[in-house]
Amino acid sequence: IATTYFLLNISKGRLKNLTPGFRLSYFTPTGKPYFEPRISATYEIVPNIYAKAAVGRYLQFINRVPITYLGEYNSYWSISDKSHPIVSSNHYIAGCTFDITPNLQVDIEGYLKNTTGMAYIALFPTVSKDKVRYQEKMINGSNKINGIDLFVKYLFPQGQVTMGYTLSEVYFHTDNLK
């Protein structure tokens, strides 16, 4: 993998942070370039209340492939190629941060993540000539995750304590499971 990236950080007045950027990668096994645009922003609505949002595309060229078999779980790592696709995710995030006091902050975010190119292996038992054999099948799929994160952060002079709660749901779609 040969990669370069560009990141610009803009801050002016109530616009606390605007960060457009991208990553450009060339992946030798596929012989193709890949473009991953991203942008995030934080805006002060009123003093101590901030709106924030982020959008981006993220790629994984090395992936963990789970193997399931009768309740057992194992996995291996794989470099993307023709049999193991590149995993691609589009992330969308929006939320608010509230500075209750100089030491206490509450943050709430909603998010949506769409991922394609996922793969896992399942072993299916089959009976042939009174013998049980196991057929390995690569299952390809995609998922959609949406949810809400809630964080409460308290700052001390020498550190911080953060508590978080996440509520999310995942929809997984398989392309070739029959």
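Could you say whether any residue in segment 62-70 is basic (Lys, Arg), under 29 Å from Ser25 (Cβ atoms), outside any strand (DSSP E or B) and under 25 Å from the mean Cα position of the chain (by Cα)?
no
Exactly one condition in (1) open to solvent by 40 Å² or more (accessible area, probe 1.4 Å); (2) over 20 Å from Leu112 (Cα atoms); (3) assigned to a strand (DSSP E or B) is not met by Pro29; state its number.
It fails just one condition, (3).
Could you tell me which residue of segment 32-51 is farthest from Ala94 (Cα to Cα), considering only residues that are open to solvent by less than 80 Å² (accessible area, probe 1.4 Å) and charged (D, E, K, R)?
Glu36
Could you tell me whether Lys137 is more than 30 Å from Ile108 (Cα to Cα), of a type outside the set (Gly, Ala, Ser) and assigned to a strand (DSSP E or B)?
When the stated conditions are applied, Lys137 passes them.
Residue by residue through segment 1-17, note down the ones that are open to solvent by 50 Å² or more (accessible area, probe 1.4 Å) and within 29 Å of Ile100 (Cα to Cα).
Across segment 1-17, the qualifying residues are Asn9, Ile10, Ser11, Lys12, Gly13, Arg14, Lys16.
Take segment 109-132 and flag every residue that is in contact with a Ser or Thr (Cβ under 8 Å, 6 or more places away or on another chain) and of a type in the set (Val, Ile, Thr).
Selection gives Thr115, Thr116, Ile121, Val132.
For the subset of segment 58-101 comprising residues that are touching a His at 6+ places or on another chain (Cβ under 8 Å) and within 30 Å of Tyr134 (Cα to Cα), which member is surrounded by the fewest Cβ atoms within 10 Å (Cβ to Cβ)?
Among those residues, the one meeting the criterion is Ser78.
Looking at (1) outside any strand (DSSP E or B); (2) free of Cβ contacts under 8 Å to residues at least 12 places away in the same chain; (3) closer than 24 Å to Lys16 by Cα, can you tell me which one Gln160 breaks?
So the condition that Gln160 fails would be (1).
When only residues in segment 148-164 that are aromatic (Phe, Trp, Tyr) and surrounded by 10 or more Cβ atoms within 10 Å (Cβ to Cβ) count, which is farthest from His91 (Cα to Cα)?
Let us first name the residues in segment 148-164 that are aromatic (Phe, Trp, Tyr), namely 151, 154, 156.
Then drop every residue that is not surrounded by 10 or more Cβ atoms within 10 Å (Cβ to Cβ), which leaves 151, 154.
On the way: Phe151: 19, Tyr154: 28 Å.
Filtering first and then ranking leaves Tyr154.
For Val55, only one of the following conditions fails: (1) in contact (Cβ under 8 Å) with a residue 40 or more places away in the chain; (2) in a strand (DSSP E or B). What is its number?
(1)
The values are calculated or read from the model by the stated rules, or taken from the named source; none is laboratory data. As the structure is a computational prediction, the values presented were derived from the model and not from experiment. Virtual Cβ from ideal backbone geometry, glycine too; neighbours counted across all protein chains shown. Heads up: the accessible areas ignore ligands, DNA and RNA and are worked out on the full protein's heavy atoms, side chains in. Shrake-Rupley method; radii C 1.70, N 1.55, O 1.52, S 1.80 Å.
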